[in-house]
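Beneath this line is the structure, given in structure tokens, with notes to follow.
The values are calculated or read from the model by the stated rules, or taken from the named source; none is laboratory data. Here the structure is a predicted model, which means the values were calculated and not measured. In this analysis, Cβ positions are derived from the backbone assuming ideal geometry, glycine residues included, and neighbour counts consider all displayed protein chains.
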Amino acid sequence: MTTSEYPAGDLDGELAGLVEGVLAGEQLALSRLITRIENGSPDYQEAVKALYQHANGTRTIGVTGQPGAGKSTLVDKLVDGFRERGLTVGVIAVDPSSPYSGGSVLGDRVRQVSRPEDPDVFFRSMSARGHSGGLAAATFDVIRAMDAFGKDIIIVETVGAGQNEVEIVRAADSVCLVAIPGAGDDVQANKAGILEIADVFAVNKADLDGASATAQELAQMIRIGQDLDREGADRTDEAAEWVPRVETTVATRREGIDELIDALNAHYEHLESSGELEERRAARFEQEVDVHLATEVEELRTRLLAAHGERLDDEVDPYTLASELALPLRRAVETEIDENDRSEVDRGSS
Ligand SMILES: Nc1nc2c(ncn2[C@@H]2O[C@H](COP(=O)(O)OP(=O)(O)OP(=O)(O)O)[C@@H](O)[C@H]2O)c(=O)[nH]1
Ligand SMILES: [Mg+2]
């Protein structure tokens, strides 16, 4: 879709209509708004800001793991399980490189078809290309849209490779790492630090040999990790700690799924009762601001460098040039901090 499809004149009105539709629970409006977010079309940020007022902080679950581990199949069964528990579900599959379980590929859009008749499941895939503000920012915005739409649970599937995807998955309330039998070495290599952020492990394809050995390896790794944590932090609040759970599953046969859901629910309850949920969400908020700020700074940086391009040949050294280019930003930041300090002093004295 190109921007020419929505003329600038009625853009505001159209986006406002979409926001209204999303809040009224219209699937088509949600679908169209997500397309706007994906394409980074003009003013979509205004729509996201409007939705933000109506987002309640829906529970999010990140599902990650190596290619072909069975994430999509597993997510499909998790959706079944949550639906049976009376919850509505949104699914975002980030950069799917293989067809969704039982799905058909339509361009780069892979549809979930196991419950095509169920209006309470909304599935959307997102590819890694074409996001002006970055894939992570676009994913956060889509989460927000599904939240405002009123979904009870949002599941985000990513292949756990690359910084971008780790960034996305670690923004979830609970992170489920899908491992497969014999993947012990891979898992131990701990690519991209995914191991540390997993709250629940699913050893999927447990119909293959070696599932229980892999589950044991993981459990042992968790124990060692927790012992090290405790030594390092000299913790006394042992009872308040979450010990990552390890479940074995056969996603294709829907085995172990209820146990996996129980483990995810237990983790969520832990987050709520320990106060960690608020901490995680505050961290996520900060991370989102960070992502948007980085996008803006990057844009300014590129323009500044281009404007000063001819000076790259000058005698000036890179440090000096960088400092000079950053000077206006530095001044603005220092003024901002000064003003904040002053208004805090004012508040304190009044
Ligand atoms: N034997 C066995 N095969 C499974 C199981 N779960 C999934 N599979 C198969 O593994 C293959 C990959 O499944 P997907 O669900 O597409 O895996 P994925 O992790 O989403 O793959 P990517 O999104 O490409 O990374 C499919 O052929 C599934 O049928 C399982 O529990 N046991
Ligand atoms: Mg998949």
message: Taking the condition of being assigned to a helix (DSSP H, G or I) and surrounded by fewer than 18 Cβ atoms within 10 Å (Cβ to Cβ), how many residues in segment 239-267 meet it?
response: 9
- prompt: Out of segment 171-191, which residues are surrounded by 18 or more Cβ atoms within 10 Å (Cβ to Cβ) and modelled with pLDDT of 60 or more?
  reply: Ala171, Ala172, Asp173, Ser174, Val175, Cys176, Leu177, Val178, Ala179, Ile180, Pro181, Ala183
- request: Give the residue that is farthest from Ser127 (Cα to Cα), with candidates limited to residues of segment 23-67 that are surrounded by 14 or more Cβ atoms within 10 Å (Cβ to Cβ) and within 16 Å of ligand 2 (Cβ to nearest atom).
  value: Ile61
message: Any residue at all in segment 96-109 that's modelled with pLDDT of 85 or more, in the same structural domain as Phe140 (by TED's automatic domain parsing) and within 16 Å of ligand 1 (Cβ to nearest atom)?
response: no
- prompt: Give me the pairs: first residue in segment 284-300 and closer than 10 Å to Ala171 by Cα, second residue assigned to a helix (DSSP H, G or I), beta-carbon distance under 7 Å, and six or more apart or on different chains, which are they?
  reply: Glu288/Phe140
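Return yes or no: is Pro119 at pLDDT 90 or above and in contact with a helix residue (DSSP H, G or I) (Cβ under 7 Å, 6 or more places away or on another chain)?
So Pro119 fails the test.
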Candidates Leu271, Leu321, Leu300, Leu264 - the one that is in the same structural domain as Asn204 (by TED's automatic domain parsing) and more than 30 Å from Asp207 (Cβ to Cβ): Leu271
- request: Go through segment 286-322 residue by residue and tally those that are over 23 Å from Ala137 (Cβ atoms) and surrounded by 12 or more Cβ atoms within 10 Å (Cβ to Cβ).
  value: 5
